[in-house]
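Before any comments, here is the structure.
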Amino acid sequence: MHVSSCFDSGAVQVVDLSDPARLRLRLRPDSAADIRQWFHFRLQGARGVACRLRLEDADLAAFPDGWQGYRAVASYDRRAWFRVPAHFDGQALVIEHTPEADSVYYAYFEPYSGERHLDLLGRACLHARTRVERLGATAGGRDLDLVTVGEPASGKRKVWVIARQHPGESMAEWFAEGLLERLWDETDPVARAVLDKAVLFVVPNMNPDGAALGNLRTNAAGRNLNREWLSPSLAASPEVWHVRRAMEATGVDLFLDIHGDEGLPYVFTDGCDMLPSFTPAQAKREAAFLARFLEASPDFQTRCGYARDRFTDELLTLASKWVGHTFGCLSLTLEMPFKDNADRPDPVVGWNGLRSKALGAAVLEPILQDL
Ligand code: ZN
């Protein structure tokens, strides 16, 4: 029996594999920060064997509450991912599974691979009204790419959507793929109407280094990009530095920052109402956007979300707060679950890539409503 993780977004540490009833593993911290929760590994040679995989330091994870009600994802072919039973015993996360094939992959959430990311950029290059621009290099030397859909013209609104500042939140890039595919569908009247009125600037992966390295939350320099927006640096957070500069060049009329939440089993948004600069006009736009989103996707809800923050300057280090404050526009963080949508659970797959894609397609309707 063997466990390996030397592949795109692979992450785990092996302690002892001598007893299938007690396969001892540990979460591997982010590459340059002491933060752990993401895992992705291959188990080989366990076909037909009842396995209990123990991630022994799950209590040290960034969000231990995320293990409550959590089920791991598994796949044989790396295409179809399904949920397998898991429970948190207060210290370890214990995954129980009898593999039906020679190799099986386990992950915290359905991965969105680096190859799929490059394929998405390649497909973007072939679409009319779409441009792909390399904004600069990431901290680890990878390309940071912006996909622009729509023809710039005076009076057109500038809609910015960024995904995956936190690289372990792979659902965010699935969301971006769903959004882009709908924009590219020339038979879709909503997409056509949006592109008549707006240009969309989409960064499908803000943190390609962290994604490749199998990090939960940080880039190759160990920075949480969603705490860098007030004063990004080319040395430590070039991803934010480049995107912020591009936003300042285009202006921003509407901003969405796409994430996954370890704890809450719901899709929800978090706005800017705690900012001293928040205006009644922004509040009105936000209420109308959320109302239309509720109609467009029954996966979205507004009952459960984050507690209202009290304003501190620290909040302006977050992308959606900095953008809302700087541009005075509607600016939202959108969160999807790692577990499942408790309002609409799926016992086989939980929340997954396809459901995230569907949500990304549906968000075009509230965007159109706002234009
Ligand atoms: Zn996040």
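With label points built 7 Å along Cα→Cβ from the Cα atoms of ALA358 and GLU186, find their separation and express it in nm.
2.8 nm
Can you compute the charge dipole magnitude of region 159-305 about its Cα centre, using +1 on each Lys and Arg Cβ and -1 on each Asp and Glu Cβ, nothing else charged? Give it in debye, rounded to the nearest 20. Write down the numbers at each step before the final one.
Numbers: 13 positive and 21 negative charges, 84 e Å.
Using Cβ point charges on Lys, Arg, Asp and Glu, region 159-305 gives about 400 debye.
What do you get for Rg/Rh of region 1-58 when both radii come from the Cα atoms and Rh is the Kirkwood radius?
0.98
Mind checking which of THR148, PHE109, VAL94 is farthest towards the positive end of region 77-154's charge dipole, using Cβ charges of +1 (Lys, Arg) and -1 (Asp, Glu) about the Cα centre?
Final value for the positive-end residue is THR148.
Kirkwood hydrodynamic radius, region 1-121, all distinct C-alpha pairs: what's the number in Å?
After inverting the mean inverse Cα-Cα distance, the result is 14.6 Å.
Keeping all protein chains in place and using 1.4 angstrom, which order do ASP253, ASP89 fall into by accessible surface area, from largest down? Intermediate values should be presented prior to the final figure.
Working: ASP253 45, ASP89 80 Å².
Ranked list, largest accessible area first: ASP89, ASP253.
Among all the lysines, which ones have a C-alpha under 25 Å from LYS284's C-alpha, if same-chain residues fewer than 8 places away are not counted?
Excluding near neighbours in sequence, the set is LYS156, LYS158, LYS197, LYS321.
Which value results for Rg/Rh of region 162-272 when Rg is the Cα radius of gyration and Rh the Kirkwood radius based on the inverse mean 1/r?
0.99
Inverting the mean 1/r over all pairs of different Cα atoms, compute the Kirkwood radius of region 134-195 and quote it in Å.
On the way: mean 1/r = 0.0735 Å⁻¹.
Across region 134-195, the inverse of the average 1/r is 13.6 Å.
Rounded to the nearest 20 debye, what is the charge dipole size of region 1-97 about its Cα centre when +1 sits on each Lys and Arg Cβ and -1 on each Asp and Glu Cβ? Mind showing how you got there, number by number?
Details: 13 positive and 12 negative charges, 86 e Å.
So the magnitude is around 420 debye.
Farthest toward the dipole's positive end in the chain, which of GLY178, TRP160, ASN341, given Cβ charges of +1 (Lys, Arg) and -1 (Asp, Glu) about the Cα centre?
TRP160
In straight Cα distance, which lysines are under 25 Å from LYS339, not counting same-chain residues fewer than 8 positions off?
Correct list for LYS339: LYS357.
Starting from 0.36 nm per residue, how many nanometres of slack lie between ARG303 and ASP343 once their C-alpha separation is accounted for?
Net length gain for the segment: 13.3 nm.
In debye to the nearest 20, how big a dipole does the chain give about its Cα centre with +1 on each Lys and Arg Cβ and -1 on each Asp and Glu Cβ?
In debye, rounded to 20, the chain gives about 260.
Please list log₁₀ I(q)/I(0) at q = 0.11, 0.13, 0.14 Å⁻¹ for the chain, using the Debye equation with identical point scatterers on the alpha-carbon positions.
Relative scattering, expressed as log10 I(q)/I(0), comes to -0.73, -1.02, -1.17.
Just read off the accessible area of SER18 with the full protein assembly in place, 1.4 Å probe, to the nearest 10 Å².
90 Å²
Kindly provide the helix-only [θ] at 222 nm of the chain, computed as the sum of -39,500 (n - 2.57) over DSSP H runs of four or more divided by all residues, to the nearest 500 deg cm²/dmol?
Estimated from H runs of four or more residues: -8000 deg cm²/dmol.
Can you list the equivalent-ellipsoid semi-axes of region 243-345, largest first and in whole Å, using the square root of 5 times each Cα gyration tensor eigenvalue? Write out the running numbers ahead of the final one.
Values: eigenvalues 114, 44, 38 Å².
After scaling each eigenvalue by five and taking roots: 24, 15, 14 Å.
What accessible surface, in Å², does a 1.4 Å probe find on PHE82, ignoring ligands, DNA and RNA and rounding to the nearest 10?
50 Å²
How far apart, in nm, are two points set 7 Å out from the Cα along the Cα-to-Cβ line at GLU151 and at ALA235?
Distance between the two pseudo-spin positions: 4.6 nm.
The values are calculated or read from the model by the stated rules, or taken from the named source; none is laboratory data. Computed from a predicted model, the values in this text were never measured in an experiment. Positions of Cβ are generated from backbone atoms using ideal geometry, with glycine treated the same way; all protein chains shown enter the neighbour counts. Just so you know, the surface numbers come from the protein's heavy atoms only, side chains and all, with ligands and any DNA or RNA stripped out. Shrake-Rupley method; radii C 1.70, N 1.55, O 1.52, S 1.80 Å.
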